[in-house]
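S.K.: Quick one: the structure is below, and I'll ask about it shortly.
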Amino acid sequence: MPLPARVLQALLVAAPLLLLAAFAALGSVKPTAAWTWQDIAGEGGTALVAGAWAWVVLGSRPGGRVTRWLAIGLAAIMMGAWADCLDEFYVTTGALQSFKWIESVTLPAGMLALTVGLWLWRQEQSVISEHLAKRERLFREHRAFDRITHVADAAYLRRQLAMESGAPESSPCALVLLDIGGVPEMVHIHGRAESDRALLAVAHLLLLNLRQRDLLCRYAGHRFAVLMPSTSQAEAQSRAEHLCRMVRALQHHTRSADARVALQAHCACAQADHDAAALLEYLNRQLDQATQAQPAPAVA
């Protein structure tokens with residue numbers, strides 16, 4: 001089990017102090033005249049800054065391999081620079097010679113670990129950027145997000161449908177309506193806050209499985225809408241079924257009881273070439289029929 005961030009931060013403070021104690025116990029102090037202040041400032045400053053960065057990384061990022069690699073790299077650089085700095089104060093003879101490896105090994109090892117961490121961080125940022133790019137259409141409009149799922153709301157969806165209804169026939173637009181089963185039952189068993197967490201998780205899952213040009217909205221309650229520009233109804237149906245499979249594969253873990261809740265999903269799809277109110281009414285009827293034909297899953 002990975003150590004908590006606070007424990008790792010404590011080790012960041014303890015390790016340099018232990019190394020200082022070892023130098024003080026095994027070495028002899030150089031005369032003040034032999035101290036090279038430029039080296040002390042450079043090496044000591046490097047150790048201080050690297051340690052501060054490692055502290056910030058551990059305290060501000062979620063745990064994971066990116067955080068671990070970044071923190072390990074910075075901590076190793078800190079220890080190598082700190083050992084190099086202590087050489088300016090102590091004569092490294094006798095037993096203290098065994099600590100020379102800290103300077104020669106930890107600095108390059110730290111640079112290597114930091115490089116791995118930065119590479120993994122770059123990959124992480126690429127995923128985040130792609131996720132945010134799928135919300136770009138929302139950001140551009142400067143409209144309010146749905147407070148629970150942080151995606152567009154029904155009013156914004158209707159405005160977009162009105163815009164798409166005037167698109168040429170050569171550029172069809174499809175609308176998918178998704179019903180997430182199991183959420184109403186979760187409200188009764190685990191509470192409203194838990195059902196809101198489940199809806200937020202579903203919203204993130206749907207976003208990760210959509211194209212950049214698709215628009216995800218929370219239509220109402222536990223129903224989501226996906227507007228798919230330049231998409232035929234057959235292609236939209238195929239994509240909608242894929243989204244349903246992803247939701248059904250999701251196991252939502254409740255925060256209080258640590259129960260696993262399986263969700264259900266149904267979809268209805270149509271071309272967005274009709275009046276928005278009529279189109280949404282038609283898709284809602286289709287979903288009502290589909291959900292009535294299949295009971296909601298049991299919620300633990």
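S.K.: Return yes or no: is A234 free of Cβ contacts under 8 Å to residues at least 40 places away in the same chain, over 16 Å from D179 (Cβ atoms) and in the same structural domain as C173 (by TED's automatic domain parsing)?
M.R.: Yes.
S.K.: Ok, one more. Kindly check whether there is at least one residue in segment 273-290 that is touching a Lys or Arg at 6+ places or on another chain (Cβ under 8 Å), closer than 18 Å to L207 by Cα and in the same structural domain as T149 (by TED's automatic domain parsing).
M.R.: No, there is no match, as no residue in segment 273-290 is touching a Lys or Arg at 6+ places or on another chain (Cβ under 8 Å), closer than 18 Å to L207 by Cα and in the same structural domain as T149 (by TED's automatic domain parsing).
S.K.: So L96 passes all but one of these: (1) modelled with pLDDT under 85; (2) under 42 Å from the mean Cα position of the chain (by Cα). Which condition number does it fail?
M.R.: (2) is the only condition that L96 fails.
S.K.: Further question on the same structure: Can you find even one residue in segment 135-152 that is within 14 Å of D214 (Cα to Cα), buried (at least 18 other Cβ atoms within 10 Å of the Cβ) and at pLDDT 85 or above?
M.R.: Among the residues of segment 135-152, at least one is within 14 Å of D214 (Cα to Cα), buried (at least 18 other Cβ atoms within 10 Å of the Cβ) and at pLDDT 85 or above, which makes the answer yes.
S.K.: I'd like to check something: does segment 37-57 contain any residue that is farther than 17 Å from V13 by Cα, aromatic (F, W, Y) and modelled with pLDDT under 85?
M.R.: No: segment 37-57 contains no residue that is farther than 17 Å from V13 by Cα, aromatic (F, W, Y) and modelled with pLDDT under 85.
This table checks each residue for (1) surrounded by fewer than 13 Cβ atoms within 10 Å (Cβ to Cβ); (2) in a helix (DSSP H, G or I); (3) without any contact (Cβ under 8 Å) to a residue 40 or more places away in the chain.
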{"residue": "V7", "(1), (2), (3)": "yes, yes, yes"}
{"residue": "A25", "(1), (2), (3)": "yes, yes, yes"}
{"residue": "V56", "(1), (2), (3)": "no, yes, yes"}
{"residue": "I72", "(1), (2), (3)": "no, yes, no"}
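S.K.: Is it the case that P229 is over 23 Å from Q271 (Cα atoms), touching a residue at least 24 places away in the same chain (Cβ under 8 Å) and more than 20 Å from the chain's Cα centre (by Cα)?
M.R.: Here the answer is no, as P229 does not meet what is asked.
S.K.: Only one of A272, A236 is under 29 Å from I128 (Cα atoms) and more than 24 Å from the chain's Cα centre (by Cα); which?
M.R.: Only one candidate qualifies: A236.
The values are calculated or read from the model by the stated rules, or taken from the named source; none is laboratory data. What you see is a predicted model, and the numbers here were worked out from it, not measured in a lab. In this analysis, Cβ positions are derived from the backbone assuming ideal geometry, glycine residues included, and neighbour counts consider all displayed protein chains.
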